[in-house]
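Before any comments, here is the structure.
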Amino acid sequence: MSADVTLPAGRSLAANRSWRNELMTASLATQVLLILAAIVTVIPVVWTVLSSLKSNDTIFAIPMQWVPDALHWNNYSEAFEVAPFGRYFLNSAIVAASVTATTIFFGAMAGYGFSKFRFPGRDVVFGLILVTFMIPFPVIMIPLFVLVRNFGWVNTYWGLIIPGALTGFAVFMMRQFIQAIPGELFDAARIDGAGEMRIFLTMVLPLARPALATLGILTFLESWNNLLWPLIVIQSDEMETIPLGLTKFSTLYSSNYAQMLAMAVIASLPVLVVFIVGRRQIINSLMLSGIKG
Amino acid sequence: MSSLANAVPRTDVSRRFISLQRRQSLVGIGFVLPAVAFFAIFNFYAIGYALYLSFTSWDLLTPPRWIGIANYTALLRDPNFLSSLSITLRYTFEAVVPLILISLGLALLLNQRVRLSGLYQVIYFVPVVIPAVVAAIIWGLLFRPSGVVNNAVGVVGVDPLPWLASAEYALHAIVIVSVWGGFGYATLILLAGLQSIPPEYGEAAAIDGASRWRVVRDITLPLLAPRLLFVTATSVAALLTSFVVPFVMTNGGPGTATRVLPLLIYQTGFQFLHAGQASAMAFILLLITLVFTALQFRLFGREVL
């Protein structure tokens, strides 16, 4: 297409725009596919919310009905009477909040130490922390249970919180972020006589706020949703977290569908709220996590 | 401000500097120490202990008894273990292929100029944040004989399927739940990769007469390779070790049709109290995840890294 070179500028721009349009603009088929995928994605959620308000015997009615004939809010209140879901909710909140706090605090401390100081063995130790990414939880769950049992933490908040109090990912993420903060800031404070802990608390943590927020959101979601570890370490009803309590409920009262779905909604509410509020941070962090090297 | 160099006699400057450096490295060690202690105990000691246990016979109560490699040799002839292993591999493969294809397709679609693109991204991500237990319970009801899924397949003229009652379909059901719960994550990572590719590449090729399909195949996909590799590796690792959906939705059944390896490890260790044997299984699982990760990087990742 050597003729293009001699074309007037306006013409070549128009041609360029039409290529761009063909490549970039979504066709009707694209819209239809995206909407279809969205519908398939939300149908289980919509069905759950609607069915949590049906009477139990209409949930599997034939033919199927989507909309409840009346709003049976009593499913919610009755579920709280059948099992201590309020307590489960409180347990989950305590554990998730604690795990989130320790993870961002110790993650930031280690991230600061690994990025702004030099000491012998630093890179080797950091490399070993990256290796922990590769350890699947089922591989270490038996030793973790034995450790927790030796510490006397079985069936306690300590047992639920401590083994999950930090992750290699947290250290990695905080190191990446703090590395980009100029170290001269901290040197200046040091010359002014600020103590090291004070520099960390009053300068590093505030400067790292965006990363702390993202890490906090991701950690909260993961902790709130965890089932396997509470299943192993908890042995009494009143210490159960909401995923564990809900799992037990679904086997003990396997035909209380409406109550089960009502509590499924309750269990999902905190994570959905956190997701809606923090969706920008979550999506941005995914954009970063895919970058290798 | 008293600068350090002026505050001390000149001859002491270098010594002072060295001691400052040493002080700073001690401070650095102080900052990483809590984390290092944590990982030493809860990851490295734990994995070493798991390795030791895999050479013992232990009921979690009386002292462990060293039996050498007997757990491993027994596992190689244990039909329960071998069937769980093959179920895990089948489930992983059956789920990862549609997961990646759907995510790639949606990411390519979203990378065009789409109205409400942000809304789609949020919607696709909802199943990722919903607790896996909730997903398993909801889908367990959706897969009932007269549930939503059979109503949906009825619309396209398929007779009701025995989703959770048949060995064959139960595994498909778990695959469907896993894809539903995971595609949003992969889609967003792939979309981020696509958005980092300058559109000029594709435009230039199109001006030279390349079809849209060729642009995708010869320009977009090779440039997307690092992200594709990343999502495939993380998805495979997650699927190989997934526990919640098989545990809550089918509890490994019907029979042992969906008893994936992590579920067998849990049952063997904590229900049958064969902690040594469970640890040996766990180590084989670890080996498999490492081999798969290494394999993917070898196959697709040479120019990626």
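The values are calculated or read from the model by the stated rules, or taken from the named source; none is laboratory data. Small disclaimer: the values here were computed from a predicted structure and weren't measured. Here the Cβ positions follow ideal geometry from the backbone for every residue, glycine too, while neighbour counts run over all protein chains shown.
Values computed for the structure shown
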read-out: Conditions (1) touching a strand residue (DSSP E or B) at 6+ places or on another chain (Cβ under 8 Å); (2) within 9 Å of another protein chain (Cβ to nearest Cβ): number failed by B:Y49; value: (1)
read-out: Any pair with Cβ under 9 angstrom, 6 or more apart, that starts in region A:119-146 at a residue that is more than 8 Å from chain B (Cβ to nearest Cβ) and ends at one that is basic (K, R); value: A:F126/A:R175
read-out: Qualifying residue in region A:189-197 (condition: under 16 Å from B:I29 (Cα atoms), more than 7 Å from every other protein chain (Cβ to nearest Cβ) and either at pLDDT 95 or above or in a helix (DSSP H, G or I) (or both)); value: yes
read-out: All helices (runs of 4 or more DSSP H) inside region B:137-235 with 3 or more residues being touching a residue at least 24 places away in the same chain (Cβ under 8 Å); value: B:167-195
read-out: Residue list for region B:236-246, restricted to those being touching a residue at least 24 places away in the same chain (Cβ under 8 Å) and buried (at least 21 other Cβ atoms within 10 Å of the Cβ); value: B:V236, B:L239, B:L240, B:T241, B:S242, B:V244, B:V245, B:P246
read-out: Only listed residue being under 26 Å from the mean Cα position of the chain (by Cα), within 10 Å of another protein chain (Cβ to nearest Cβ) and of a type outside the set (S, T, Y), chosen from B:V148, B:V133; value: B:V133
read-out: Test: residue in region A:56-76 that is more than 10 Å from chain B (Cβ to nearest Cβ), modelled with pLDDT of 85 or more and touching a His at 6+ places or on another chain (Cβ under 6 Å); value: no
read-out: Residue in region A:69-91 that is among the acidic types (D, E), within 19 Å of A:Q259 (Cβ to Cβ) and not in a helix (DSSP H, G or I) present; value: yes
read-out: Some residue of region A:37-46 being among the hydrophobic types (A, V, I, L, M, F, W, C), surrounded by 15 or more Cβ atoms within 10 Å (Cβ to Cβ), on the phi < 0 side of the Ramachandran plot and in a loop (DSSP other than H, G, I, E, B); value: no
read-out: From B:G202, B:G193, residue being buried (at least 21 other Cβ atoms within 10 Å of the Cβ), at the interface with chain A (Cβ under 9 Å from one of its Cβ atoms) and touching a Gly at 6+ places or on another chain (Cβ under 8 Å); value: B:G193
read-out: Residue count for region B:201-244, restricted to those that are over 22 Å from the mean Cα position of the chain (by Cα) and polar (S, T, N, Q); value: 2
read-out: All positions within region A:157-183 that are outside any helix (DSSP H, G or I) and within 19 Å of the chain's Cα centre (by Cα); value: A:A165, A:L166, A:T167
read-out: Lone unmet requirement of (1) in a helix (DSSP H, G or I); (2) closer than 27 Å to B:T256 by Cα; (3) within 14 Å of chain A (Cβ to nearest Cβ) for B:Y91; value: (3)
read-out: Which listed residue, of B:A282, B:A294, is within 11 Å of chain A (Cβ to nearest Cβ), without any contact (Cβ under 8 Å) to a residue 12 or more places away in the chain, part of a helix (DSSP H, G or I) and small (G, A, S); value: B:A294
